[in-house]
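Below: the structure, in structure tokens.
Coordinate-derived values only; no laboratory data. Here the structure is a predicted model, which means the values were calculated and not measured. As a convention, Cβ positions derive from the backbone with ideal geometry for all residues, glycine included, and neighbour counts pool all protein chains shown.
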Amino acid sequence: MLARGVCRMFAERGFASLTEFATRDGLRMDVCALGPKGEIWCVEVKSSRADYLADRKWEGYRGWCDRFFFAVPESFPDELLPPEHGLIRADAYGGDILRLGPEEKLAGARRKAMTLAFARNAARRVQVLSDPRPRGPITA
């Protein structure tokens with residue numbers, strides 16, 4: 001539900017978002033957002049302290065985006081999160097960016113690959129809505 005709120009917030013800011021977006025190295029971003037200027041932002045959703053402490057895969061996402069954020073609910077203890085990353089407070093209905101992490105622009109070749117993968121993934125998801133049994137792999 002937090003991811004839905006993050007996607008709504010991004011849509012209000014002109015971004016297109018995909019949930020559960022897989023990178024080439026097998027990581028699965030909770031939310032990947034493509035901005036109006038081609039920027040790629042990645043969001044790791046953490047619903048609780050236990051969720052944060054049990055999973056460190058988010059550390060590998062930095063190489064796949066221009067900005068990295070954590071999205072957490074109101075009750076989350078923010079002091080657990082590294083201060084060098086962005087912070088989004090979200091619920092099922094929306095969210096607010098409380099802190100922008102540093103921008104670390106992707107190299108041109110990586111940006112092109114990510115943008116193409118994003119577009120192909122989004123198109124395949126739309127195709128599945130009209131044809132629940134498409135031919136070929138669903139992943140980009």
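Ordered by the count of other Cβ atoms within 10 Å of each Cβ, fewest first, LEU53, LEU129 give LEU129, LEU53.
Near LYS112, within a Cβ-to-Cβ distance under 15 Å, what is the net charge of the other residues, with Lys and Arg +1 and Asp and Glu -1? Taking every Cβ under 15 Å from that of LYS112, the sum is +4.
Ranked by Cβ crowding within 10 angstrom, fewest neighbours first, how are LEU98, LEU2 ordered?
LEU98, LEU2
Quick one: work out the % antiparallel among DSSP beta bridges in the chain, nearest 5.
Numbers: 15 of 24 bridges.
Once the DSSP bridges in the chain are tallied, antiparallel ones form about 60 percent.
What order do you get for MET1, MET29 when you list them from fewest to most C-beta neighbours inside 10 Å?
Details: MET1 12, MET29 26.
In order of increasing Cβ crowding within 10 Å: MET1, MET29.
Measuring from each cysteine beta-carbon in the chain, the ones with no other cysteine beta-carbon under 4.7 angstrom are CYS7, CYS32. Taking every alpha-carbon pair within the chain, the share separated by more than 24 Å comes to 29 percent. Stretching the chain fully between ALA11 and ASP78 yields a gain of 21.7 nm (0.36 nm per residue, less the alpha carbon separation).
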